[in-house]
Amino acid sequence: MAKKNVVGSWAFLIGVVLAVVLGLVGKPNPAMIFILVLLGLIIGLLNIADKEVSPFLMASTVLIIASAFGQGAMDGVPVLGAVLKALLTLFVPATVIVAIKHVFSLAKN
């Protein structure tokens, strides 16, 4: 179990840093987008414990909504819009995985 937390923690840290860097340097290529999605899946699968599900879903949902709407508002600042898009690419898969896991745990009970 400790190994999962280490892998998930590293995936989260690397994913956020990579998303910010990719947003700052310009348009990411498909390979980088794939890496962000893969890191998001790893974060959702390994990094969120049962007691963290509700706070994670709330925070990530707010982040996704703010990033999605913020992209349009940041048209005048393209770098910020690109960072928000990269964060969306990372957090949408993580949020979907955690939500699906939570629905299954609710159905199991």
Value of relative contact order over the chain, rounded to a whole percent, pairs C-alpha under 8 Å and six or more apart:
38
In nm, to one decimal, how far is the modelled label at Phe34 from the one at Val17, with both set 7 Å along Cα→Cβ?
2.3
Among Val98, Val21, Val77, which one shows the biggest mean-square fluctuation in a GNM of the chain, springs joining Cα atoms closer than 10 Å?
Val77
Point-to-point label distance, Asn109-Glu52, nm (Cα→Cβ direction, 7 Å offset):
1.9
How much length, in nm to one decimal, is gained on full extension between Leu24 and Lys101, taken as 0.36 nm per residue of separation minus their Cα-Cα distance?
24.5 nm
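Readers should treat all values here as calculations from the given coordinates under stated rules, not as data from a laboratory. In this text the structure is predicted, and so the values were computed from the model without any measurement. For neighbour counting, all protein chains shown are included, and Cβ atoms are generated from backbone atoms with ideal geometry for every residue, glycine included.
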